Amino acid sequence: MKRRTLALGLLTGLASCSILPERPPLKLYTLLANLNTQDCRAPKRRLSSVRINSPMIASPYDSTRCYVLIKDNRIYNTDINRFSSNPGNLIGDGLREVIQDCGPWNIVLSPNSISTPAYQLTVFVSKFFINAVKKPFAAVVEMEVSVVASVSGKLVFHETYSQTQNTPTDDMPGAVSAFDVCLENIFKTLTNDLNKQATRM
């Protein structure tokens, strides 16, 4: 009798448990989903290759969470609203697409390519957050871009790009939209600079 009562108690306890999370499910967002490279003017390609390494992002922004700067210089991160992947991966994918369509090199290689490129392009994202100290909120992006000749190790290009864009709404979709504008503007300026300096590389 005691065993039957214990068994019924366990079954009742299990029935009341749920495998569903107690908090709301994650809401995932991506970057540069609608990236348009059709408007760029592809230059005369150089018969050489470049490998675009995965961008590095400064801490604490190297996370699927979005970081928000508020008053008193405090930063907090979003919990339910997150990026679908590390922003470095999303930025790297977009940058490779833009350089492939608009940049000066004939061949653009991915980070895991086993081919030896003529050049290597590296990106360091030093700022990637939403400034919510005052309204309107704004996305802030800053990245440092370097190009090195693989054989000689010579630095042939180095620039830092900064962009700030007001968010259309004070929520995660608005933040993503503003980040996209910042990144697209940086990519456009970067490809123009690379194309101008291509003959010196």
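For (1) modelled with pLDDT of 95 or more; (2) of a type in the set (V, I, T); (3) closer than 19 Å to A132 by Cα, each residue gets a yes or a no:
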{"position": "Y161", "(1), (2), (3)": "yes, no, no"}
{"position": "D170", "(1), (2), (3)": "no, no, yes"}
{"position": "G174", "(1), (2), (3)": "yes, no, yes"}
{"position": "A178", "(1), (2), (3)": "yes, no, yes"}
{"position": "E184", "(1), (2), (3)": "yes, no, no"}
{"position": "K188", "(1), (2), (3)": "no, no, no"}
{"position": "Q197", "(1), (2), (3)": "no, no, no"}
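Quick check, is D193 buried (at least 19 other Cβ atoms within 10 Å of the Cβ) and in contact with a strand residue (DSSP E or B) (Cβ under 9 Å, 6 or more places away or on another chain)?
Criteria not met by D193.
Please indicate, with yes or no, whether at least one residue in segment 5-23 is at pLDDT 90 or above and under 24 Å from V176 (Cα atoms).
no
Scan segment 51-79 and report the pairs whose first residue is at pLDDT 90 or above and whose second residue is in a loop (DSSP other than H, G, I, E, B) and among the β-branched types (V, I, T), with Cβ atoms within less than 9 Å and a gap of 6+ or a chain change.
Listed pairs, sorted by first residue: R51/T116; L69/V133; I70/V133.
Six or more apart or on different chains, Cβ under 6 Å: which pairs go from a residue in segment 163-188 that's within 29 Å of P104 (Cβ to Cβ) to one that's in a helix (DSSP H, G or I)? Could you list them?
From segment 163-188, the pairs are Q163/C182; Q163/N185; Q163/I186; Q165/A178; Q165/V181; Q165/C182; F187/V98.
Let me confirm something: among Q163, Q197, which residue is of a type outside the set (S, T, Y) and in contact with a Cys (Cβ under 6 Å, 6 or more places away or on another chain)?
Q163
The values are calculated or read from the model by the stated rules, or taken from the named source; none is laboratory data. Source: prediction; values computed, not measured. Methodologically, a virtual Cβ is constructed for each residue, glycine included, from the backbone with ideal geometry; neighbour enumeration extends over all protein chains shown.
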